[in-house]
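The values are calculated or read from the model by the stated rules, or taken from the named source; none is laboratory data. It should be emphasised that the depicted structure is a prediction, and the values quoted were computed from it without experimental measurement. Ideal geometry is used to build each Cβ from the backbone, glycine not excepted, and the neighbour counts take in all protein chains shown.
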Amino acid sequence: MEHTGAWILLETLKREGVDVLFGYPGGAVLDIYDELSRHPEIRHVLVRHEQGAVHAADGYARASGKAGACLVTSGPGATNTVTGIATAYCDSIPLVVVTGQVPTALIGNDAFQEVDIVGITRPCTKHNFLVKDVSKLATIMRRAFYLARSGRPGPVLVDLPKDIVQAKTEFVWPEEIGMRSYNPTYKPHINQLRRTVEELVRARRPVFLTGGGVVMSNAASELTNLARRLQVPVTSSLMGLGSFPATDPLWLGMVGMHGTYAANMSINHADLLVCVGARFDDRVTGRISAFAPGARIVHIDIDPTSIRKNVQVDVPVVGDCRLSLQGMREICDAKFAGEDWAAKHAGWLASVQNWKSGKPLAYQKNGGIKPQQVVEALFELTGGEAIVATEVGQHQMWTAQFYAFTRPRTLLTSGGLGTMGFGFPAAIGAQLAFPDKKVVVVAGDGSIQMNIQELATAVANRLPVKVVILNNRCFGMVRQWQELFYHNNCFATNMEAQPDFVKLAEAYGAEGYRISREEDLCPVLQKALASPATAFVDVMVEREENVAPIVPTGAALDEMLLV
């Protein structure tokens, strides 16, 4: 029996486990939407902007571990997805983005709402496809999901011309999928794992540096067990937060530009750095020539192109993070079962503890409401069990510093691209993945307005997402840089002409709260968190508060400014 391309597309989505599809209709995809109305197994979530669709699919993927999926039309609908695709690409998030396209015969003729989205997104997708034959659609969709999920995950775009969507063919489902030019290495080489363990045996001041790869490979329990077994302190990039419990004594805090004093000093004094699933980006390393100056470096990553790209390493290990950590634990148990790791690292752990207790994360609790207080209150009121999404800016760093993440996939944040407008739609995606979990967005008054139209999406779908706005009436992080590094020339960062966020929330049908007194902070937050409705909580925080520590651009990690 023959089926249309639209039917085949939706059948492949179902077989790939897609239960939520974020989308925005338009002329080039109307046949797909017509067919979608007859497929109730797929819940379609109508967003209010195509960028919101991709971010929502991204948040769904980050929280659930599944591949996210979205559907948009051609031309401006497709180009509106680019920021979301680039966001997912930088953070290695598995997405399949389906875009409509003008009929095949019109491609290249400057047809209405035609754009070369394949060419535009080639630099920021793991791969992309322009479907030219309906008989190949099922195989292409199968490959798209395989590529998105496997190896180092990432977004894949499938561009569907309208005539391909309307054409008919027999549906053939490829049970096996293989690509000769693409064979990611999952199993690490045993000799490299042995070398890594030997480095750990010799080391006196080892540190684990973890990243988003630990989260994406579901390796958090393996990391935690190994670190505790070897009594090695652990730090993390922003993307790795939650992969090791922040309540554990071995936890150093986040590393890098806004990392803790203990984490940055530990990296600076380590004699061995075992990096697991992080890519040594500039926000982590500071000045490369001064990064981990006395340490031998092991780098474990499934993407061989990430190894030695930014930092020279002594032991490269190409492989899946979870399998690599499992293999290291097996070698340790088999060859070094009698090793007294706690005694061996006692002096090092004492030094680490001194750094932690000597200069802990702190802020002055005088004046009005401090943004750090708000994050701490959220942690206490949610018991650390919420899924927390952030926008990008000061509030993002305060969330990373003061919300003690203990489980993976509970922090959803744009790390690599730093996309303002990411957090709110990402939270919508997470709430749809986990309807019974508490999902909170920590936002700034500037970044929340980037995709504020998704309030309609949250309200229409009765999603109890809570948006906590740290309202300092300015672009806080930009103002901080202007203050510190541009002679306090604070230009184009004033946001005094703000909307009334309470009235704005109510206009969309959500609940709105405002907190301007410290004594109201916990009671109002608690009330908002308990509500079954979408809610905005506008918290008027101290305008001049800065994120600290901060490592200035071009400085080494031990040259951080503490205030």
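Assorted remarks:
- Only one of the numbered conditions (1) touching a strand residue (DSSP E or B) at 6+ places or on another chain (Cβ under 6 Å); (2) assigned to a loop (DSSP other than H, G, I, E, B) is not met by Pro552, and that is (1).
Quick grid of which residues meet (1) buried (at least 22 other Cβ atoms within 10 Å of the Cβ); (2) modelled with pLDDT of 95 or more; (3) among the hydrophobic types (A, V, I, L, M, F, W, C); (4) within 16 Å of Leu504 (Cβ to Cβ):
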position	(1), (2), (3), (4)
Ile448	yes, yes, yes, yes
Asn451	yes, yes, no, yes
Thr457	yes, yes, no, yes
Arg462	no, yes, no, no
Val468	yes, yes, yes, yes
Phe475	yes, no, yes, no
Val478	no, yes, yes, no
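- Test: residue in region 163-175 that is within 25 Å of Ala86 (Cα to Cα), of a type outside the set (Gly, Ala, Ser) and out of contact with any His (no Cβ under 9 Å at 6 or more places or on another chain): no
- Which listed residue is in contact (Cβ under 8 Å) with a residue 12 or more places away in the chain and within 14 Å of the chain's Cα centre (by Cα), from Gly421, Gly384: Gly421
- Contact map, region 468-491: residues that are more than 16 Å from Ile448 (Cα to Cα) paired with residues that are of a type in the set (Val, Ile, Thr), Cβ distance under 7 Å, separation 6+ or inter-chain. Pairs shown: Arg479/Thr493; Gln480/Val547; Gln482/Thr493.
- Annotation note: of Leu561, Leu557, the sole residue that is of a type outside the set (Val, Ile, Thr), touching a residue at least 60 places away in the same chain (Cβ under 8 Å), surrounded by fewer than 16 Cβ atoms within 10 Å (Cβ to Cβ) and outside the structural domain of Leu381 (by TED's automatic domain parsing) is Leu561.
Matching residues to (1) within 21 Å of the chain's Cα centre (by Cα); (2) within 30 Å of Glu391 (Cβ to Cβ):
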| position | (1), (2) |
| --- | --- |
| Ala78 | no, yes |
| Thr83 | yes, yes |
| Ser92 | yes, yes |
| Val96 | yes, yes |
| Gly100 | no, yes |
| Gly108 | no, no |
| Ala111 | no, no |
| Asp116 | no, no |
| His127 | yes, yes |
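- The numbered conditions (1) in contact with a strand residue (DSSP E or B) (Cβ under 6 Å, 6 or more places away or on another chain); (2) more than 17 Å from Glu11 (Cα to Cα); (3) of a type outside the set (Asp, Glu) are all true for Ser135 except (2).
- The one condition from (1) in a loop (DSSP other than H, G, I, E, B); (2) surrounded by fewer than 24 Cβ atoms within 10 Å (Cβ to Cβ) that Gly259 does not meet is (2).
- Entirely in region 138-236, the helices (runs of 4 or more DSSP H) that have 3 or more residues that are of a type in the set (A, V, I, L, M): 190-202, 212-216, 220-230
- Helices (runs of 4 or more DSSP H) enclosed by region 275-348 - at least 2 residues per element that are over 17 Å from Gly416 (Cβ atoms): 321-335, 341-344
- Only one of the numbered conditions (1) under 24 Å from Asp320 (Cα atoms); (2) surrounded by fewer than 18 Cβ atoms within 10 Å (Cβ to Cβ); (3) touching a residue at least 60 places away in the same chain (Cβ under 8 Å) is not met by Glu170, and that is (1).
- Annotation: of all residues in region 197-227 being under 26 Å from the mean Cα position of the chain (by Cα) and without any contact (Cβ under 8 Å) to a residue 40 or more places away in the chain, the one that is nearest to Ile387 (Cα to Cα) is Ser221.
- Some residue of region 314-337 being in contact with a strand residue (DSSP E or B) (Cβ under 6 Å, 6 or more places away or on another chain), crowded, with 17+ Cβ neighbours inside 10 Å and among the β-branched types (Val, Ile, Thr): yes
- Scan of region 201-224 for residues that are out of contact with any Leu (no Cβ under 6 Å at 6 or more places or on another chain), surrounded by fewer than 24 Cβ atoms within 10 Å (Cβ to Cβ) and of a type in the set (A, V, I, L, M, F, W, C), ordered by number: Val201, Ala220
- Lone qualifier among Asn109, Asn128 - being outside any helix (DSSP H, G or I), among the polar types (S, T, N, Q) and surrounded by fewer than 19 Cβ atoms within 10 Å (Cβ to Cβ): Asn109
- Failed criterion for Ala343 (all others in (1) loosely packed, with under 14 Cβ neighbours inside 10 Å; (2) not assigned by TED's automatic domain parsing to the domain that holds His258 hold): (2)
- Selected residue [under 27 Å from Gly65 (Cα atoms) and out of contact with any strand residue (DSSP E or B) (no Cβ under 6 Å at 6 or more places or on another chain)] from Val276, Val215: Val215
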